Every structure is written in structure tokens, then in C-alpha cells.
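The values are calculated or read from the model by the stated rules, or taken from the named source; none is laboratory data. Keep in mind it's a predicted model, so treat the numbers as computed, not measured. Here the Cβ positions follow ideal geometry from the backbone for every residue, glycine too, while neighbour counts run over all protein chains shown. For accessibility, only protein heavy atoms count, side chains too; no ligands or nucleic acids. Shrake-Rupley method; radii C 1.70, N 1.55, O 1.52, S 1.80 Å.
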Amino acid sequence: MREWKGIGYFVEDFVEQAHQFRSMDEKRTLNTKDKRKKAQSHSRWEMIGYDEEVIKAGRSVQIKTEKNAKEVYHQHQKKKTEARRIKEEKRSNCLTNVSLMANLIEDYKMKK
């Protein structure tokens, strides 16, 4: 935050993202004692983040993930509707096949 001289005019998402990037960098270089190597590592990862090929690859992965998530969601919805249809079918079959006349002998046997 010192780098931007305050955070008053930044959106909260930007600040959170900057915090996450810093946390990731700190985890990567946690055991590195040499400050020069730490700085080189931070710079290397920052340059990788700006590389157009890396950005394109990230976008393609994001699109594939979204497509996969949509397919999984639609498959789940199909299973739910099929399960609902089977359940309703079983209910209707039970209601049509049930006898509303009481069977006194069967009821008497069940009580004993």
C-alpha cells in the first residue's frame, strides 16, 4: 500500500488482489535469506504475470473450466428432473394401484 501512497481511491477488489499477490510472493520466498534473490523472484513472477502467452493460456483455461462447469450443472439438472419424474411416476402408480377398501382380516392379523 505504500507503493500507491494510500488506498483511498482504489476499489476494494484491487486492494484484496494486491494483498493476495503479496501473500503468494511471501510464501514463495519465505525461506530465502538473500534479499537480492527474493527481489529477483518477485520480479520474475511479476513479469510472468504480464506475459501475453501466460494471460492467453489463463483465459483459455478459464473458458474450458466454465464450459465444464456448465456441462456438469446441466447434467446435474437432467439427473434431478429424471429423478423427479421417476418419483412422481411411482407415486401415481401407487395411488392408482392402492385399494381404498379396508381388509379387516389382514388388519386383524397385523395387530397380533
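Confirm whether HIS76 is modelled with pLDDT under 85, open to solvent by 90 Å² or more (accessible area, probe 1.4 Å) and within 26 Å of the chain's Cα centre (by Cα).
No, not satisfied.
Report yes if LYS67 is modelled with pLDDT of 90 or more, farther than 23 Å from GLN20 by Cα and open to solvent by 80 Å² or more (accessible area, probe 1.4 Å), otherwise no.
no
Can you confirm whether the range 35-43 contains a residue that is under 19 Å from SER23 (Cβ atoms), exposed (fewer than 10 other Cβ atoms within 10 Å of the Cβ) and not aromatic (Phe, Trp, Tyr)?
yes
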